[in-house]
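See below for the structure under consideration.
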Amino acid sequence: MTIIKVEQLKKEYTAYERGEGFLEAVKSLFKRRKKVFRALKGIDFSVKKGDIVGFLGPNGAGKSTALKILSGILYPDSGNVNIMGFTPWKDRKKYVSHIGAVFGQKSQLFWDLPPLDAFYFQKAIYKINEDAFQEQLKKFIKMLHIEDIIKRPTRQLSLGERMRCEFVMAMLHQPKIIFLDEPTIGLDIIAKGTIRNFIREINKEQRVTVIITSHDLEDIENLCNKVIIINKGDIVFDDKIKKLKISRKKYITISFYEKINLKKLKKLKGVRIKKIISDYIVRLEVNTYKEYLDEIIKRIRMGKRIKDLDIREPPIVDVIKRIYKK
Ligand SMILES: Nc1ncnc2c1ncn2[C@@H]1O[C@H](COP(=O)(O)OP(=O)(O)O)[C@@H](O)[C@H]1O
Ligand SMILES: [Mg+2]
C-alpha cells in the first residue's frame, strides 16, 4: 500500500548577494543581485507502508529540503505530495498527529527541563490518553535505557543521551510515519547501534514507516529496505537496497613498530597500496567482498605488531559517482 506519493517536487531558494564594502552595500539597497539555487529539481518517488527508506546523498544534495517539505515545515514551489491523503503543508494541523520527526540539528526537548517534562508536554499537545502514554513511555525507557537520563535537565545530557530522548518525543503519540534527518550524526558506534535497533523495533512492532536521511552508508545498509539517492536536487537512484552495489572497499591506514616489508605487501591479493606514508606507515585499499576484514588484516600484519590502525569507508561521493557511471 502506497503511503507517500511525491510528484515533480520542486524547491528553489533565493539568496541575495551583495559585494563587499560600503558602496556596494548602498547599491544593494536599490538593486540586489539575485541568486537562485535549485535545491530540488522536480523529484518523483513513492513509499510503501512499513518501508524503511534511506535518503542518501552528499552534503547539499537536497535531503533536508525534501524532508522538511514532507513533514510540512516548508512549502515547495511546485509539485504534489500525498501522504495518507494529506498535503503536508496544507493540512499541517491534522497531519502532524500522524507523523513524528527527529531532526538531528534541532531539538524538540527543553534545554532547562528534564526530558520527562517534555514528554508530558507532548502528551498534552497531542492529547495522548494516560494509559497509552504510560505504556509507550515504559516501553521506550526499556528499549533505549533511559530510566535515569529522563530525569536530568536536558542541558546536562550527552548528545547520545539527548538523541535517545528525541526519539521518545517523536514516537509518544504513535505516529504512522517518522522522518529522521541525520539522527546519528556525531554519535559514537554504541549510540548509533542503540538508535538503529530502536528504529528497527518500532518499524517491526508498530509498523511505523521510516524515512531517514543520512550520509552514513552504514546507517542505510543496516536499516533500509529501499534507498533513494539524491544528488544536486535530482534522484539518481531509487530501488531496493539489494540492487545497490554497495562498495566492499575499505581504506586502512596501518602503522607498525617495525619497518614494513613492501615487497611482500605488494604481493598480497585484494590489497592495494594507496600511499606509503613512511617506512612504518602505509595506507591501503582492501576489498572485503570475499574475505573478512580481520583475516585481511592478519595477512597484512605478517605476524608483526600493530601500533595503530584506522579503517574507513570510501566517501559517499565515490559511491554516487560509481552509480552515475553505470
Ligand atoms: N534557507 C536556505 N536558503 C538558501 N539556500 C538553502 C537554504 N537551505 C538550503 N539551501 C541550499 O539548498 C541546498 C540543499 O540543501 P539541503 O536540503 O540542506 O541539503 P542536504 O540536507 O542534502 O545536505 C544546499 O546547497 C543549501 O545550501
Ligand atoms: Mg541535511
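Throughout, read-outs are computed from the coordinates displayed, never taken from laboratory work. A quick note: this is a predicted structure, and the numbers were derived from the prediction, not measured. Neighbour counts run over all protein chains shown; Cβ positions are idealised from the backbone, glycine included.
Here the Karplus curve 6.51 cos²θ - 1.76 cosθ + 1.60, taken at θ = phi - 60°, turns the phi angles of region 210-220 into couplings of 10, 10, 10, 9, 6, 10, 9, 4, 5, 3, 5 Hz, with x standing for Gly and Pro. Estimate the FRET efficiency between residue 48 and residue 318 by the formula 1/(1 + (r/R0)^6), using the beta-carbon distance for r and 30 Å for R0, to the nearest 0.05. E between residue 48 and residue 318, to the nearest 0.05, is 0.50. Among the trypsin sites (Lys or Arg not before Pro) found in region 108-216, those both in a DSSP coil and sparsely packed, with 10 or fewer other Cβ atoms within 10 Å of their Cβ, are 127, 207. Site pair residue 189 and residue 310 shows an inter-label distance of 1.6 nm when each label is modelled 7 Å from Cα along Cα→Cβ.
For the chain, the relative contact order comes to 19 percent (Cα pairs under 8 Å, sequence separation of at least 6). Between residue 132 and residue 283, the modelled label-to-label distance comes to 5.3 nm, taking each label 7 Å out from Cα in the direction of the beta carbon.
Between the residues 262, 303, 278, the greatest Cα displacement towards the positive end of the dipole of region 249-325, with unit charges on the Cβ of Lys, Arg, Asp and Glu, is found for 262.
Of interest is the spacing of the C-alpha centroids, which for region 95-137 and region 175-214 amounts to 16 Å.
For the chain, which longest stretch is free of loop sites, where a loop site is one of the chymotrypsin sites (Phe, Trp or Tyr not before Pro) that DSSP puts outside H, G, I, E and B and that has at most 13 other Cβ atoms within 10 Å? With a cap of 13 other Cβ atoms within 10 Å, the longest stretch comes to 112-256. Of the trypsin sites (Lys or Arg not before Pro) in region 1-68, the ones in a loop by DSSP (not H, G, I, E or B) with at most 14 other beta carbons within 10 Å are 18, 31, 32, 49.
Full extension of the segment from residue 240 to residue 273, taken as 0.36 nm per residue of separation minus the current Cα-Cα distance, would add 8.5 nm.
If the chain linking residue 82 and residue 12 were pulled fully straight, counting 0.36 nm for each residue of separation and taking away their Cα-Cα distance, it would gain 23.2 nm. Site-free segments of the chain were taken between GluC sites (Glu not before Pro) in DSSP loops having at most 14 other Cβ atoms within 10 Å, sites themselves excluded; the longest one is 21-146. By DSSP, the beta bridges lying fully in the chain are antiparallel in about 70 percent of cases. Close amide H partners of residue 103, meaning residues 5 or more places away or on another chain with modelled amide H under 5 Å apart, are 181.
Normalising the average separation of contacting C-alpha pairs (under 8 angstrom, six or more residues apart) by the number of residues puts the relative contact order of region 187-326 at 23 percent. Would you mind getting the Kirkwood hydrodynamic radius of region 48-243 from its Cα pairs, rounded to one decimal in Å? Over region 48-243, the inverse of the mean reciprocal pair distance is 17.2 Å.
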